[in-house]
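Structure record follows, encoded as structure tokens.
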Amino acid sequence: MLLSDFIRRSTSMLSGIYPSLEARGIVLMLCQERLGVKSYTHIIEPGYEVTSAVLPRLEDDLRRLSAGEPIQYVLGYAEFCGRRFRVCPSVLIPRPETEQLVSEAVSFICDKGRSCRVLDLCTGSGCIAWSVFLESPGTEVVAVDISDEALGVARSQFAGASPRFVKADVLAGGEGFEYGDFDLVLCNPPYVMESEKLAMRTNVLDYEPGLALFVPDSDPLLFYRAVAVWARRFLRPDGMGLVEINESLGPQTAEVFRRAGYKKTRILQDFRSKYRFVMFGD
């Protein structure tokens, strides 16, 4: 089968799930990974053939994609901060906007001009913890999650020196946590309200872990109150906290940290100009 025909047919198959341009992008990503081709190979080499040896695997990938499984789970990785992170249905797929949280954290560490200690709550795949650790040599990172499966994925991301991954329930507020104090507390917790499921795609609802996504409509800020407790226990007086938030709850989330006594609290926008982060400190 010609590569161009495969791309055309596969894009048509996925267009019932995704907008046409996104469907085409997913198919091109699949071809680049499985065939080692460029996104334009089918244009500059119109006679390029997909061999019978690799076609069965591609067809299996398409079957999974047509069922709504995210391309990142099919390929087994997601790009984040210029690195490939292993992902599977045990962990949330890293989002591009979360890279800004990492950027803010690294800038804070650089401004300190010394080695820092960083606490990453609700670490999931470990993409935040690892990115800060690798971008800031000499920084010690402790990362927390309640899921054994997520912690297993996080620990396996890269070889060599690594963050310390610890099992703990963030909602317990750090009770019994004995890893010292920190210059920086980070968290990308569950913040999508149950009522918001109606606006979400099935590829997220059916495949990504609900434990990492959803909070009850009756108490959508429960994780942020817990983070404030962790911060009061473990954040140094000259330290900073940074959390990712639900864009519709910016002022309410900031108020959680103000009530916890953090006077320097502000809401930051992401690259889409949506309220996405709250930064706090004394």
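Numbers for the structure displayed
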| item | result |
| --- | --- |
| Among the candidates Gly250, Gly261, Gly241, Gly210, residue that is touching a helix residue (DSSP H, G or I) at 6+ places or on another chain (Cβ under 6 Å) and of a type in the set (Gly, Ala, Ser) | Gly241 |
| Restricting the range 4-18 to residues that are in contact (Cβ under 8 Å) with a residue 12 or more places away in the chain and over 29 Å from the mean Cα position of the chain (by Cα), the residue that is surrounded by the fewest Cβ atoms within 10 Å (Cβ to Cβ) | Ser4 |
| The range 54-69 - residue that is assigned to a helix (DSSP H, G or I) and aliphatic (A, V, I, L, M) and, of those, farthest from Leu242 (Cα to Cα) | Leu55 |
| Residue that is farthest from Phe158 (Cα to Cα), among those in the range 81-136 that are without any contact (Cβ under 8 Å) to a residue 24 or more places away in the chain and of a type in the set (Ser, Thr, Tyr) | Ser107 |
| Sole exception among (1) surrounded by 13 or more Cβ atoms within 10 Å (Cβ to Cβ); (2) polar (S, T, N, Q); (3) part of a loop (DSSP other than H, G, I, E, B) for Ser273, by number | (1) |
| Strands (runs of 3 or more DSSP E) fully within the range 70-187 counting 3 or more residues that are assigned by TED's automatic domain parsing to the domain that holds Met240, over 14 Å from the mean Cα position of the chain (by Cα) and crowded, with 20+ Cβ neighbours inside 10 Å | 140-145, 182-187 |
| Single unsatisfied condition, Val54 versus (1) at positive phi; (2) in contact with a helix residue (DSSP H, G or I) (Cβ under 9 Å, 6 or more places away or on another chain) | (1) |
| Test: residue in the range 29-50 that is assigned to a loop (DSSP other than H, G, I, E, B), among the charged types (D, E, K, R) and either touching a residue at least 24 places away in the same chain (Cβ under 8 Å) or surrounded by fewer than 19 Cβ atoms within 10 Å (Cβ to Cβ) (or both) | yes |
| Test set (1) more than 30 Å from Ile71 (Cα to Cα); (2) out of contact with any Phe, Trp or Tyr (no Cβ under 7 Å at 6 or more places or on another chain); (3) part of a strand (DSSP E or B) - Thr265 fails condition number | (2) |
| Residue in the range 218-226 that is part of a helix (DSSP H, G or I), assigned by TED's automatic domain parsing to the domain that holds Pro137, closer than 23 Å to Leu101 by Cα and of a type in the set (D, E, K, R) present | yes |
| Test: Ile7 is within 22 Å of Gly76 (Cβ to Cβ) and in contact with a His (Cβ under 7 Å, 6 or more places away or on another chain) | yes |
| Failed item, numbered, when Leu211 is tested on (1) closer than 19 Å to Cys122 by Cα; (2) at pLDDT 95 or above; (3) surrounded by fewer than 19 Cβ atoms within 10 Å (Cβ to Cβ) | (2) |
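The values are calculated or read from the model by the stated rules, or taken from the named source; none is laboratory data. Since this is a predicted model, take the numbers as computed values, not measurements. Neighbour counts run over all protein chains shown; Cβ positions are idealised from the backbone, glycine included.
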